[in-house]
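See below for the structure under consideration.
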Amino acid sequence: MICQHALSLLDDFLDNELASSTAAEVKSHLDDCTTCRQAYDESRRLKELLKQTRNRDPGQDYWLETSQLILARTVQGSEPEQPYAMRETTSDPKGSFVQALVSLAASLVILVSALIVGMNQNHAPDATTRGGPVLFGSSVDQQLNAGYYIITEDERQRLAKGMLLLGPPGLLGHIGGLTQLRIVITAEHQ
Amino acid sequence: MNKTIPELVEDFVKGDEAAFTELVSRFQKKIYTLAHHFLGNHLDADEVVQETFVRVYKKREDLKDVNYFSTFLVRIATNYAIDLLRKRKGHRSISEDTASLPGEVQLDLSRRVTTPSQMFERKRLMDEINRALDLLPPKQRLTAVLHDIEGYSKPEIAEIFNCPQATVRSNLHIARMKLRKILRPRLRLKEQK
Ligand SMILES: [Zn+2]
C-alpha cells in the first residue's frame with residue numbers, strides 16, 4: 001500500500017468502517033511508515049479530544065422553565081407571534097433591543113443626575129468624571145449588536161458593587177433618586 | 001406505562017398535547033447540547049431549543065413517518081442554528097466570561113482534574129478547540145460536531161442534511177484535516193507526555 005492510498009483511508013480506519021482485510025493493510029502500513037503513523041496519531045488524538053468535550057448541564061430549573069416557555073408558545077398558544085421568549089430571571093442576561101434602549105435611556109438619566117450632584121459637591125470633584133463613563137462601560141454597542149453582554153473583569157467587579165448599570169435586571173432599583181446615587185458615587189470614591 | 005418515542009410522536013401528530021410535552025422533555029437536552037457545541041454559547045443554544053420545538057409543533061402535519069421524528073427535529077434545529085450563525089457573521093458568540101453562564105463547555109477527561117493549574121490548562125485546551133471549530137465554515141463545523149462530538153453516524157448526518165453520504169464524508173474529512181492543522185502543536189505535545 002502506498003502512502004497516498006493509506007492516507008485516503010485514514011478516516012474510515014479511524015471510524016472502524018473498513019473491511020477487515022483493508023483495515024489490516026492500513027494497519028501494516030502504519031506500522032512501517034512513520035509519516036502516515038504521525039498523521040494517524042494526530043487524527044486519533046483529535047477525535048478523542050472532540051469526544052471528550054461536554055456542555056455543563058444548565059440544571060433542572062432550566063429544563064423545566066424551557067419546556068414551560070415552549071408550551072406557552074405552542075399548545076397554550078398564549079404568545080403565537082412572539083419570536084423567542086425572553087426569560088425574566090437574572091441568570092439569563094440576554095436583553096431585547098427594547099430593554100437595551102430602556103437601559104440606555106435610564107443610564108442617561110443617571111448620568112445627567114450624577115453631573116448635577118457632582119456640581120453641588122466640592123469635596124468629590126473627581127467622582128462624576130469617573131462615575132459617568134462607568135454607567136456605560138464599553139459594552140453598550142456590543143450589547144446592542146450581539147444581544148448579550150461582554151464585560152471585562154473590571155466591569156464585572158463594578159457591576160457587583162452597583163456602580164455599573166449594565167442591563168435591565170435590577171436596573172429600576174437603582175433609579176431610586178439622588179440619595180441612592182450619592183451612595184453609589186461616594187462608594188466608588190473610597 | 002412509558003410510551004415509546006414512535007407512540008408519542010403518533011399521539012402528538014394526532015393533536016395530543018401531553019405527548020408533545022413529553023417529547024419536549026425527552027429531546028430538549030439533545031438539541032441544547034448540539035446547538036451549544038455548534039454555536040458556542042448558552043444563549044444561542046437556548047434560542048435554538050425554543051425555536052426548534054415551536055417549529056416542530058407548527059410543522060407536525062409534515063411528519064409522515066413517526067420513526068423519522070429525531071431526524072426531523074435535528075434537521076429543524078440545525079437549519080435554525082445555521083441561520084443564527086449567519087446572523088452572527090459566521091462566528092460563534094463565545095462569551096469572554098463564560099464561567100457564570102449555565103452551559104459552559106468543558107473537557108470531560110477520564111482523569112480527575114483537581115488542581116487549579118490543571119483546571120486552567122483544561123480551560124485553555126477547550127478554548128483552543130472552540131477557536132479551531134470557529135474557523136470552519138458552518139457545514140463542516142456542524143458535520144464535525146454531529147459526528148465527532150455528538151456521535152451521529154454518517155448515514156444519519158446525510159439524512160439530517162438531506163445530502164449524499166459522500167458529501168458528509170468529504171465535509172468530515174476536510175473539517176478534521178483543518179482542525180488537525182490548527183491544533184497540531186497541541187496534538188503533538190500530548191504525545192511527548
Ligand atoms: Zn505512509
**Item:** Given B:Lys3/B:Lys139; A:Lys51/B:Lys87; B:Lys87/B:Lys139, the pairs whose alpha carbons are separated by over 26 Å
**Value:** B:Lys3/B:Lys139; A:Lys51/B:Lys87
**Fill in**
Going through A:Lys27/B:Lys123; B:Lys29/B:Lys58; B:Lys29/B:Lys59 one by one, the pairs whose alpha carbons sit over 32 Å apart turn out to be A:Lys27/B:Lys123
**Request:** Considering the options B:Val13, B:Leu34, B:Leu23, tell which one lies farthest towards the positive end of the dipole of region B:1-100, charges being +1 on Lys and Arg and -1 on Asp and Glu at the Cβ, about the Cα centre.
**Result:** B:Leu34
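Give the shape of region B:1-100 as rounded, prolate or oblate, defined through the alpha-carbon gyration tensor: a ≥ b ≥ c are the square roots of its eigenvalues, a/c under 1.5 means rounded, and otherwise the shape is prolate if a/b is larger than b/c and oblate if not.
Here region B:1-100 falls in the prolate category.
Where a number appears in this text, it was derived from the coordinates with a stated rule and is not lab data. Note that this is a predicted model, so its numbers are computed, not measured. In this analysis, Cβ positions are derived from the backbone assuming ideal geometry, glycine residues included, and neighbour counts consider all displayed protein chains.
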